[in-house]
Each structure stands twice: as C-alpha cells, then as structure tokens.
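The values are calculated or read from the model by the stated rules, or taken from the named source; none is laboratory data. On a predicted model such as this, the values are computed, not experimentally measured, just so you know. A quick note on method: Cβ atoms are made from the backbone with ideal geometry, for glycine too, and the neighbour counts reach across all protein chains shown. Heads up: the accessible areas ignore ligands, DNA and RNA and are worked out on the full protein's heavy atoms, side chains in. Shrake-Rupley method; radii C 1.70, N 1.55, O 1.52, S 1.80 Å.
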Amino acid sequence: MEYPQKERYDFNDLIEIVKILRAPGGCPWDMAQTHESIRSNFIEETYEAIEAIDTKDTELLKEELGDVLLQVALHSEMEREAGSFDMNDVCDGICKKLIIRHPHVFGDKSADNEKEALQNWNAVKMQTKHQKTQTEAMQSISRALPSLMRSEKIQRKAAKVGFDWENVYGALDKLSEEISELKVAITHSTIENQTEELGDVLFSVVNVSRFLGVDSEKALYQTCDKFINRFSMVEQLALERGIDMKNADMSVLDSLWEEVKIKLKNN
C-alpha cells in the first residue's frame with residue numbers, strides 16, 4: 001500500500017495514515033487494537049512527554065507529543081469506525097469548551113489575573129456539567145488519576161466551601177494524629193484497617209503539601225531520583241569497603257547512608 005511521499009506532513013496526513021493502518025490490508029497489530037488494549041500505551045506516552053518537559057528536551061518533547069497525538073488519533077479512529085464520532089468531533093468539542101469556559105476572553109466576563117480566570121473556568125465548568133454541590137464536583141474528578149494528584153484535587157474542592165484547616169499547622173497536627181492511628185493499627189488491627197490508616201496518612205501528607213504550595217506528585221518524583229542517586233553511592237562505598245549489603249546489619253548501611261548525605265551536602 002502506497003502513501004504520497006512529502007517533504008512535510010501535517011495533521012490531516014496523520015488521520016489518513018491511521019485510517020490506512022486500521023483498514024483491511026493495513027497493519028495487523030493496529031487493526032487488532034481496542035480502547036482497552038492500548039489504554040496503558042496512552043498513559044506511558046503521556047508520562048514520556050512529561051519527562052521531556054522535566055528534562056527541557058525540546059526535540060524529545062516534539063517526538064513524545066507526536067506519540068500522544070497518535071494515541072488520540074487511534075482512539076478517535078476506532079470510534080469513527082463504530083459510527084460514534086471522529087477526530088473532527090473531538091476538535092469541535094474542545095474548541096466549544098475553550099470558548100465557553102473563557103467568558104473573560106470570548107464573552108462579557110472579566111479576569112485581571114490568573115486566579116480570576118481560573119474562577120471563571122471553574123464556575124462555567126460546574127454550570128455546564130450541572131454540578132450543584134462540591135460533592136458532585138469531587139465525584140467528577142477522574143478515578144484514573146494518580147492518587148496523589150486526585151487527593152489534592154479533592155482537597156481543593158472541599159476548601160472551596162470552607163472545609164479546610166486555617167493553616168499548615170492544622171494539617172500537620174492532623175498528619176501526626178493519622179500517624180498515631182496507623183501505629184495502633186499496625187500493632188492491633190487487620191491488614192484492611194492498616195491499609196485504611198495508611199491511606200489516611202498519605203491523604204494528610206498531600207494536605208500538608210497543598211498548604212505549602214508544593215506539588216506532592218513532583219515532590220515524590222524528585223525524592224525517588226534523590227534516593228536512587230544516594231543508594232548508588234552507598235552501593236559503591238559498600239563495594240569499595242568489602243561490605244556485603246545483603247548480609248550487613250542495617251546500622252552499618254545506615255551509617256553509609258549518613259556518610260553519603262554529609263558528602264553530598266558539603267559538595
């Protein structure tokens with residue numbers, strides 16, 4: 001099967017190529033895919049685009065955004081084949097949403113700063129989704145989001161109607177309370193209750209991060225990288241000193257960890 005060779009392809013070419021890949025005589029793999037079978041691909045490609053943003057790699061970002069766009073095109077093509085909607089309907093929907101949710105740009109509302117613009121967006125969102133309570137707004141938050149991100153969104157919804165601590169210290173006190181309850185559950189309770197109490201601790205940690213203006217997802221992301229870096233140095237020290245990490249006492253390994261922390265702090 002042939003396709004015109006071009007110096008530069010555009011959005012319409014992408015849609016046409018995806019149609020060809022999915023059509024009889026196209027690619028057996030593409031033809032076999034469903035929304036469910038490539039669900040994880042969509043997540044993976046999105047996170048790879050995020051990594052390109054984090055590393056400020058514009059060439060990689062261009063490539064990864066293309067991979068994300070391919071996922072959108074594939075899902076849209078599946079629905080076109082089913083007679084539900086196509087990519088033009090997707091574009092139509094997002095254009096209409098952008099226009100109606102920016103009344104300060106396309107309507108008679110005003111917004112002099114980011115906060116007012118966001119307030120306009122959220123007000124129109126609740127109205128168009130027929131949400132009359134914050135509970136309904138919370139329930140509309142996607143359950144597929146990473147849990148730290150979902151937690152923060154839920155907490156922000158609650159805060160809009162005053163269900164919130166006055167400051168970070170109230171959130172910290174609540175975190176201490178939840179940690180105490182987790183300790184009790186570890187000693188006296190079932191795995192189910194321990195899971196529940198651990199969830200409460202994590203939810204409280206997100207609350208603290210929200211008051212600090214810190215993105216909890218990003219904070220944990222950075223800590224993962226920090227841990228890997230420190231662990232690699234601990235592993236190297238153990239190797240140099242003939243320490244078998246698998247059999248060494250934890251106090252020995254912790255001593256190496258503290259040594260690495262001091263070394264990094266002084267560099």
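First compute the accessible area of the chain with a 1.4 Å probe, then give the percent of it belonging to carbon and sulfur atoms.
The nonpolar share, carbon plus sulfur, comes to 56 percent.
Go through region 51-131 and name the chymotrypsin sites (Phe, Trp or Tyr not before Pro) that are in a DSSP coil and have 16 or fewer other Cβ atoms within 10 Å of their Cβ.
Answer by residue number: 85.
Looking at the chain as a GNM with Cα springs under 10 Å, which of 250, 87, 138 has the largest mean-square fluctuation?
In the Gaussian network model the winner is 250.
About its Cα centre, what dipole magnitude does the chain give when the only charges are +1 on Lys and Arg Cβ and -1 on Asp and Glu Cβ, stated in debye to the nearest 20?
Working: 33 positive and 49 negative charges, 178 e Å.
The calculation lands at about 860 debye.
To the nearest µm²/s, what D does Stokes-Einstein give for region 114-212 at 4 °C and 1.567 mPa s, using the Kirkwood radius over alpha carbon pairs as Rh? Can you show the working numbers first?
Working: Rh = 15.1 Å.
The diffusion coefficient I find is 86 µm²/s.
How much length, in nm to one decimal, is gained on full extension between residue 39 and residue 17, taken as 0.36 nm per residue of separation minus their Cα-Cα distance? Intermediate values should be presented prior to the final figure.
Working: separation 22, 0.36 × 22 = 7.92 nm, distance 2.05 nm.
Between residue 39 and residue 17, full extension yields 5.9 nm more.
In region 125-155, what trypsin sites (Lys or Arg not before Pro) fall in a loop by DSSP, with at most 12 other Cβ atoms inside 10 Å?
Those that pass, being in a loop and sparsely packed, are 129, 132, 143.
To test your reading of the geometry: what angle, between 0 and 90 degrees and rounded to tens, separates the Cα axis of helix 58-82 from the longest principal axis of the chain?
Tilt relative to the chain: about 60 degrees.
Could you work out the longest stretch of the chain that avoids the GluC sites (Glu not before Pro) located in DSSP loops with at most 15 other Cβ atoms within 10 Å?
37-165
Under 1.5 on a/c is rounded, so check that first for the chain, then, if it is not, pick prolate when a/b is larger than b/c and oblate when it is not; a ≥ b ≥ c are the square roots of the alpha carbon gyration tensor eigenvalues.
oblate
Provide the per residue accessible area, probe 1.4 Å, for region 56-135, rounded to a whole number of square angstrom.
That works out to 70 Å² for each residue.
Work through the residues other than residue 150 whose Cβ is under 14 Å from its Cβ and net out their charges, Lys, Arg +1 and Asp, Glu -1. Kindly include the intermediate steps, with their values, before the conclusion.
Details: positive: 143, 153, 156, 157, 210; negative: 152, 215, 217.
Overall, the nearby charge balance is +2.
By how many nm would the segment from residue 95 to residue 189 grow when fully extended, if each residue of separation counts as 0.36 nm and the alpha-carbon distance is taken off?
28.6 nm
For region 169-266, what class follows from the C-alpha gyration tensor (a ≥ b ≥ c being the square roots of its eigenvalues): rounded when a/c is under 1.5, otherwise prolate if a/b is larger than b/c, else oblate? Don't jump to the answer; show the numbers that get you there.
On the way: a/c = 2.87, a/b = 1.58, b/c = 1.81.
Oblate, because a/c is 1.5 or more while a/b does not exceed b/c.
Only helical DSSP H runs with n ≥ 4 go in: add -39500 (n - 2.57) per run for the chain, normalise by residue count and round the 222 nm mean residue ellipticity to 500 deg cm²/dmol.
Values: 13 runs with 195 residues, N = 267.
That comes out to -24000 deg cm²/dmol.
Can you give me the P(r) profile for region 1-152? Cα pairs, bins 5 angstrom wide beginning at 0, each as a whole percent.
2, 7, 11, 13, 17, 18, 15, 9, 5, 3, 1, 0
Enter the angle in degrees (range 0 to 90, nearest 10) between the Cα long axis of helix 147-159 and the first principal axis of the Cα atoms of the chain, meaning the one along which they spread out most.
Rounded to the nearest ten degrees, it is 90.
Taking amide H positions as placed 1.01 Å from N in the peptide plane, with prolines and chain starts having none, which residues 5 or more places from residue 109, or on another chain, fall under 5 Å of its amide H?
When sequence neighbours closer than 5 places are left aside, the close amide H contacts are 104.
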